[in-house]
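Student: Sharing a structure here in structure tokens format.
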Amino acid sequence: VPDNLLLGLKFIFGPSAVSALDLVDHRSVTRVMSPSGRTAYQVLGSSGKLYTCYSSCHFCTCPAFGFTVLQKSESLLCKHILAVYLSQAMGACQELTVSEEQLTSILLAEEEDEG
């Protein structure tokens with residue numbers, strides 16, 4: 001990534017930019033697709049926890065997204081969503097095709113964790 005682009009990312013997204021690039025470097029972003037075309041992204045966070053992100057609606061299941069993005073409006077996005085966008089742009093996403101049932105289980109597991 002060119003220096004001027006790195007500076008721009010850091011200017012706009014602050015410390016999240018460096019953390020997101022680190023996630024991309026570690027190939028922590030996986031695009032999970034089902035045969036019907038439904039897609040979600042899973043990002044292995046720096047803490048070792050797996051978070052589900054939806055780029056189509058700009059949402060992540062991590063606590064930082066809920067607190068700094070939704071509640072306090074201090075940030076545009078969390079490092080996981082930024083890592084999804086960066087990995088898409090850089091062609092660095094891992095790909096995983098799962099059945100409709102498996103994707104449903106992934107999505108429902110996130111709901112159970114939250115509720």
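The values are calculated or read from the model by the stated rules, or taken from the named source; none is laboratory data. Remember, it's a predicted structure, so these values are computed and weren't measured experimentally. Quick note on the areas: whole protein, heavy atoms, side chains included, nothing else; ligands and nucleic acids left out. Shrake-Rupley method; radii C 1.70, N 1.55, O 1.52, S 1.80 Å.
Student: What is the angle, in °, between the Cα long axis of helix 100-114 and the longest principal axis of the Cα atoms in the chain? Nearest 10 is fine, range 0 to 90.
Tutor: Between the helix axis and the principal axis of the chain, the angle is about 60 degrees.
Student: Could you tell me whether the stretch 15-83 comes out rounded, prolate or oblate from its Cα gyration tensor? Rule is a ≥ b ≥ c as square roots of the eigenvalues, rounded for a/c under 1.5, then prolate if a/b exceeds b/c, otherwise oblate.
Tutor: Cα axes put the stretch 15-83 in the oblate bin.
Student: Using each residue's phi in the stretch 68-83, evaluate 6.51 cos²θ - 1.76 cosθ + 1.60 at θ = phi - 60° and report the 3J(HN,Hα) Karplus result to the nearest Hz, with x for Gly and Pro.
Tutor: 7, 8, 7, 7, 9, 6, 8, 9, 6, 6, 8, 5, 5, 5, 4, 4
Student: Just need the relative contact order of the chain here, percent rounded to a whole number, with Cα pairs under 8 Å and 6+ apart.
Tutor: 30 percent
Student: In terms of modelled amide H atoms, which long-range or inter-chain residues lie less than 5 Å from the amide H of Ser55?
Tutor: Tyr41
Student: Given a 1.4 Å probe and heavy atoms of the protein chains only, how would you sort His58, His80, largest accessible area at the top?
Tutor: Descending accessible area places them as His58, His80.
Student: Please list 3J(HN,Hα) in residue order for the stretch 47-64, calculated via the Karplus relation 6.51 cos²θ - 1.76 cosθ + 1.60 where θ = phi - 60°; whole Hz, with x for glycine and proline.
Tutor: After applying 6.51 cos²θ - 1.76 cosθ + 1.60, I find 7, x, 8, 8, 10, 9, 10, 10, 6, 5, 10, 6, 9, 9, 8, 6, x, 4 Hz.
Student: Let me ask something else. Ignoring ligands, DNA and RNA, what accessible area per residue does the chain give at 1.4 Å, in Å²?
Tutor: With all protein chains present, the chain gives 59 Å² per residue.
Student: May I ask what percent, to the nearest 5, of DSSP beta bridges between residues of the stretch 3-99 are antiparallel?
Tutor: Of the beta bridges lying entirely in the stretch 3-99, close to 75 percent run antiparallel.
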